[in-house]
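To keep things clear, I will list the structure first and then write my remarks on it.
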Amino acid sequence: MSYIVKEVEAQLKSAIGNAVAKAVEKGVFSAAPTAEFKVEVPADRANGDFSANAAMVWARELHNAPRKIADAIMAEIDLEGTYFERAEVAGPGFMNFYLDGRYYAAILKDVTEKGTMYGHSDMGKGKKALVEFVSANPTGPMHVGNARGGAMGDCLAEVLSWAGYETEREFYINDGGNQIEKFGLSLDIRYRQLFEDGIEMPEDSYHGQDIIDHAKAFAEIHGDKFMSASEEERRKALVEYALPLNIQGLERDLLKYKIKYDTWFKESTLHNSGAAKKVVADLTEKGYTYEMDGAVWFKAEQFGCDKDFVLVRSNGFLTYIVPDIAYHYNKLCTRNFDIAIDILGADHHGYVPRLKAALQALGVDPERLHVVLMQMVRLVKDGEIIKASKRSGKAITLVTLLEEVPIDAARFFFNMREANTHCDFDLDLAVEESSQNPVYYCQYAHARICSIFKKLAADGIEPKDCSVEDLCLLKTEEEKELIRYIASLTDEVEHAAVALDPSRLTKYAVGLATLFHKFYNACHVQCGDEALMQARLYLCGCVKSVLKNVLEMLKISVPESM
């Protein structure tokens with residue numbers, strides 16, 4: 001939370017502690033109570049800006065009614081030098097405290113002083129975090145689910161950076177295993193079809209246009225040269241030609257989506273280095289494997305899984321989870337990230353406990369791996385769910401989505417809900433320029449503030465720096481509510497980092513825009529009082545700065561006019 005909010009809570013606890021000490025000196029209490037009490041923000045601000053339950057907590061220790069304890073504390077409390085102007089006892093013994101104008105002024109001064117750093121936290125200082133997301137199969141284009149995972153993963157990485165973590169983004173390239181075998185098979189058949197008739201595509205192969213295009217481009221370079229080569233040699237050449245192009249395409253499309261990775265990690269490096277096989281050897285050495293029906297099994301039940309699972313098939317091939325175990329071991333032990341975060345589809349729910357069990361068996365704390373399971377996306381247009389692009393008639397990919405809606409809308413909409421909730425993406429709303437469109441609503445709030453300054457400048461009025469006394473003129477509930485909300489940004493960043501939930505920041509942006517519009521409609525900025533006008537301009541400037549910070553954290557553009 002904001003250091004000023006922390007300071008206020010510390011002031012309050014200190015004032016209560018000092019009052020209790022005075023009461024003990026006067027014999028009102030026999031001894032100072034030791035139980036911890038809470039300082040909280042009441043649900044209803046009519047009950048104060050902060051409240052303390054000390055009297056309720058200390059009733060047993062002090063052998064007295066909470067109300068009498070609270071009254072005794074209030075008789076001795078000294079709020080001089082704090083951000084509080086008054087305090088009172090309510091109900092059975094709640095102590096409520098009311099902030100004075102200097103607190104609100106201090107928040108605004110803090111925004112001005114910190115500028116682009118306002119909202120940052122040192123919560124994760126000294127810790128390294130790796131966020132792996134999208135990691136789409138490189139054998140084809142990215143789908144809409146990848147679009148949601150991309151927006152969420154990228155924003156989560158930024159949230160963690162704001163929370164003080166040294167954060168990196170990573171894409172895991174599945175360039176090994178069955179999908180590459182199928183990729184090679186599909187390319188091979190499409191290539192051979194160019195030179196031979198009667199060759200059919202198997203049902204379980206890749207039938208996309210991209211496979212046809214790759215085969216034709218390969219043939220333009222090599223002609224029918226590879227028709228006489230062995231099947232293994234031909235498929236190897238086709239994969240070595242097409243796969244890098246697909247990976248380049250993934251990188252290009254993700255950059256368009258404002259996502260830039262620190263690392264593109266290839267699964268093949270785990271096989272080539274022997275790291276994948278070493279997982280099996282290490283688990284066997286530790287006594288956590290056994291052989292059955294010619295396969296090597298992991299004793300997963302010993303680590304809380306519902307059943308054991310196969311590591312090496314009877315034909316000697318590793319199962320898909322072995323390189324994944326090696327990959328996460330590499331993240332947490334070889335590269336020494338303190339935490340590793342995966343953004344995965346909800347269909348991986350059974351995979352996560354298996355992966356954690358294997359890591360635990362290898363001596364890695366499984367709590368260092370955090371997996372965010374993401375629910376499916378449904379595209380909605382004209383109130384109906386759609387599965388294909390009207391332009392191409394094919395399933396909507398990341399690229400076709402970004403042709404239909406602005407990038408800002410895509411990133412914002414995909415981060416509006418928690419990962420574990422289904423996402424209905426309204427294509428009509430995403431392009432609508434109205435207050436119903438949440439990203440437009442937030443951008444308009446920023447542009448509106450810019451317009452206020454431009455209009456006043458045209459009238460010869462320039463904003464001035466305000467003193468604490470000047471800012472204490474901001475007394476309406478709309479002004480104070482807006483400033484309190486500004487003060488909560490760091491807290492929201494920390495909560496989002498702990499919960500691995502960047503949607504808290506899109507909601508914060510909408511909330512800030514809402515409160516600004518509410519303030520603007522209730523309080524005339526260009527009023528007859530020069531000092532009050534300058535204080536309100538100062539507040540507008542702070543809202544503009546904070547809103548810009550949050551939108552840029554989400555990688556949303558921040559227009560100055562709309």
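The values are calculated or read from the model by the stated rules, or taken from the named source; none is laboratory data. Small disclaimer: the values here were computed from a predicted structure and weren't measured. Every residue, glycine as well, gets a Cβ built from its backbone with ideal geometry; the counts of neighbours run over all protein chains shown. These accessible areas exclude ligands, DNA and RNA; they are computed on the full protein's heavy atoms, side chains included. Shrake-Rupley method; radii C 1.70, N 1.55, O 1.52, S 1.80 Å.
For the reader, a short list of remarks on this structure follows.
- Candidate lysines for bridging to LYS260, where Cα separation is under 17 Å - those fewer than 8 sequence places away on the same chain excluded: LYS555
- Helix runs (DSSP H) in the chain reaching 24 Å along axis by Cα, Kyte-Doolittle at least 0.5: 530-553
- Stokes-Einstein D in µm²/s, Kirkwood radius over Cα pairs - the chain at 20 °C with 1.002 mPa s viscosity: 77
- In loop segments of segment 320-412 as defined by DSSP, the trypsin sites (Lys or Arg not before Pro) with at most 12 further C-beta atoms inside 10 Å of their C-beta are LYS387, LYS390, ARG391.
- Note on segment 298-419: antiparallel DSSP beta bridges, both residues inside, total approximately 50 percent of the bridges counted.
- Kirkwood-based shape ratio for segment 180-298, expressed as Rg/Rh from alpha carbons: 1.11
- Share, in percent, of DSSP beta bridges within the chain that are antiparallel, nearest 5: 50
- Restricting segment 139-217 to trypsin sites (Lys or Arg not before Pro) that sit in a DSSP loop and have at most 13 other Cβ atoms within 10 Å of their own Cβ leaves nothing.
- Note on LYS22: lysines with a C-alpha under 28 Å away, same-chain residues under 8 apart excluded, are LYS6, LYS13, LYS38, LYS68.
- Here the chain exposes an accessible surface that is 49 percent carbon and sulfur, computed with a 1.4 Å probe and the other protein chains kept in place.
- When nucleic acids and ligands are ignored and a 1.4 Å probe is applied, LYS22 ends up with an accessible area of around 80 Å².
- 5 angstrom amide H check on GLY164, placed H, neighbours 5+ away: SER121, GLY124
- Each residue was assigned an accessible area with a 1.4 Å probe, and for ILE211 the value is about 0 Å².
- Taking GluC sites (Glu not before Pro) across segment 430-521, the ones in a DSSP loop with at most 15 further Cβ atoms lying within 10 angstrom of their Cβ are GLU432, GLU433.
- Neighbourhood net charge (9 Å Cβ-Cβ; Lys/Arg +1, Asp/Glu -1) for HIS495: -3
- Here LYS381 is the anchor, and the lysines within straight C-alpha reach of less than 16 Å, apart from those fewer than 8 places off in the same chain, are LYS390, LYS394.
- Other residues lying with their Cβ under 12 Å from the Cβ of LYS38 contribute a combined charge of -2, Lys and Arg counting +1, Asp and Glu -1.
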